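What follows is one structure encoded as structure tokens, with my remarks underneath.
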Amino acid sequence: MKESEMKYPAIKPRRYTGKEKIVSCSGEKIATLNDFWSWAYSDVLGNTERGILAEYFVSKALDIDYKDRVSWDKYDLLSDEGISVEVKSSGFFQTWGQNQKSKLIFGIQPTKAWNYETDEFEEEQKRQADIYVFCVFNCEEKNDDMNPLDLSQWDFYLLPTSVLDEKLGNNKTASLGKLQKIGAEKCSYEELHKRIVELMSGGQK
């Protein structure tokens, strides 16, 4: 079904500034949208928010942070060069108590893409993006110096989806060590954009 045929078409994401008012039933301002964001999403050490933060970092590296995030798109990002990107994140520590460090494991499961505009799934099950960016919050000690907003505390690894498909087939997860063995390339944050374009153009170091 075409989007134009939908009884209730998809609502496009709207870019807010954070200054928007939250008002009471009488119309009185009781808070701002930024107050809500601060309350709801300040736990950037937690798995959920940290994953979205990693997506944002990569969007900044690709100079596409002007595009609004679509929560249910079939891939995370689309560069201005037309390269679709899947961003995955992991780290040694979570916000909850731990007796040991977490293993660096990433989800790489093939999926059936869902079109949020038509509410339909595609027939083929596959990995949807052209390339994966694996983001590792690299702090190996749990202390007050952990800061997910500091890019020096992150490592980035690149791997074209074609390599994942060839080497790991339909595997649902892979460790960082496994990904490195099949060719995942460590890349500085500053070089992410350039290197992604090179890899998708067949370029080598």
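Of note:
- Accessible surface, segment 52-167, averaged per residue in Å² (probe 1.4 Å): 54 Å²
- Listed residues GLU191, GLU28, GLU117, most fluctuating in the chain (Gaussian network, C-alpha, under 10 Å): GLU28
- HN-Hα J in Hz across segment 70-80 - Karplus 6.51, -1.76, 1.60, θ = phi - 60°, x for Gly and Pro: 10, 4, 10, 5, 6, 9, 7, 9, 10, 6, 5
- Between SER188, SER42, SER26, the Gaussian network model of the chain with springs among Cα atoms under 10 angstrom shows the greatest mean-square fluctuation at SER26.
- When the Gaussian network model of the chain links Cα atoms closer than 10 Å, the mean-square fluctuations of GLY27, GLY107, GLY51 top out at GLY27.
- Computed label-point distance, nm, for sites ALA40 and GLU191 using a 7 Å Cα→Cβ extension: 3.9 nm
- Inter-label distance, nm, simple model (7 Å from Cα along the C-beta direction), ILE64/GLN180: 2.8 nm
- Portion, in percent, of the accessible area of the chain that falls on carbon or sulfur, probe 1.4 Å: 48 percent
The values are calculated or read from the model by the stated rules, or taken from the named source; none is laboratory data. These numbers were taken from a predicted model, which means no experiment stands behind them. When we count neighbours, we look across all protein chains shown, and the Cβ atoms used for this are built from the backbone with ideal geometry, even at glycine. Calculation scope for accessible area: heavy atoms of the full protein, side chains included, ligands and nucleic acids excluded. Shrake-Rupley method; radii C 1.70, N 1.55, O 1.52, S 1.80 Å.
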